[in-house]
Amino acid sequence: MQFQQLQYFVAVAETRHFTRAADLVHVAQPSLSQQIKALERELGADLFLRARGNITLTDAGEALLPLARRILADADTARLEVQELVQLHRGRVRLGATPSLCTGLLPDVLRAFHDRYPGIRLLIEEGGSHDLVRQLARGALDLALVVLPLPTPSPALTTVELLREDLVVVSSPEADRPGGGRRTVRVADLEGERLVMFRHGYDLRELTVAACRAEGFEPDFAVEGGEMDAVLGFVRAGLGVAVVPRMVAARSGRGLRVTPLARPGLHRTIALAHRSDVAPPRAARELQRMLLER
């Protein structure tokens, strides 16, 4: 089995077309087809069902695809690691983070990293913890900032706790203060409040809904389905209140009233995750150090 054959196999699997795959990997279509056939002979199984105008993966192809993607990603990481200069003059870091962390935690850290290593490209992928864990597992990210506990614990990942962050209630200054005007509110005080709620799969949505149910009530949604910026905008417009991280509220500027949650309050634990079987590239390890030392 040759590395090049796996490249050709993944290209065909993703394009579902031999000619387009050949263009993608810059090789003649007959040469690509020959290499795919050679790979199938080596494995003793057909990888594609070939019908006129319709290329689909066989069961063997479906089984090989995630493994081939991981091998190619690992090889790409190895190539970048070798090519990086000791002084970190060039390279890249692929960092995943939840949208709230992109808004609250990352700007200052990434600015400091960029000032120190201007030649390093920063590629940021926003998503929920579940999606980021999958991206890490398939080699598409070097590091990810995720919310613990992970939705699906994975022994293939190493996580290091980074911080424990308080959640607060934000509302429009023109609306009535939540909780009857008290300086702090309890989760129970959110019963009867109209909530602006994040989309499904958003870590903050699951945490808030679970906290309300623990107090014996179902939250009442005024608007749901937004990302962080949209949620804050809807709150500013007076559509309802939202539960957000303290760092996000602090950076959100004017137009929001921030009310702390009374003890014990609500918190979330942020961790830095990477694959256990592959060391992050040098530039990613440096960003990891800066995040842990922040």
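Placing unit charges on the Cβ atoms of the charged side chains and taking the dipole of the chain about its Cα centre, the candidate lying farthest along the positive direction among V160, V258, V93 is V93. Derived scalar couplings between HN and Hα for the range 113-125 equal 5, 5, 4, 7, 10, x, x, 8, 7, 9, 10, 10, 10 Hz in order, rounded to whole Hz, by the Karplus curve 6.51 cos²θ - 1.76 cosθ + 1.60 (θ = phi - 60°), x for Gly and Pro. Helix 59-83 and the longest principal axis of the C-alpha atoms of the chain enclose an angle of approximately 80°. Derived scalar couplings between HN and Hα for the range 207-213 equal 5, 5, 4, 5, 5, 5, 5 Hz in order, rounded to whole Hz, by the Karplus curve 6.51 cos²θ - 1.76 cosθ + 1.60 (θ = phi - 60°), x for Gly and Pro. In the full protein context, the chain carries 51 Å² of accessible surface per residue, based on a 1.4 Å probe and ignoring ligands, DNA and RNA. Residues whose amide H falls under 5 Å from that of V168, counting only those 5 or more places apart or on a different chain, are V244, R246, with hydrogens built in the peptide plane. Applying the criteria of a DSSP loop state and at most 16 other Cβ atoms within 10 Å to the trypsin sites (Lys or Arg not before Pro) of the range 3-44 yields R16.
Could you look at the chain and say what percent of its accessible area is carbon and sulfur, using a 1.4 Å probe and all protein chains? In the chain, the share of accessible area belonging to carbon and sulfur is 49 percent.
The values are calculated or read from the model by the stated rules, or taken from the named source; none is laboratory data. Keep in mind that what you see is a predicted model, and the values were worked out from it rather than measured. Cβ: placed from backbone, ideal geometry, glycine included. Neighbour counts: every protein chain shown. Side chains are part of the model used for accessible areas, which takes the heavy atoms of the whole protein and leaves out ligands, DNA and RNA. Shrake-Rupley method; radii C 1.70, N 1.55, O 1.52, S 1.80 Å.
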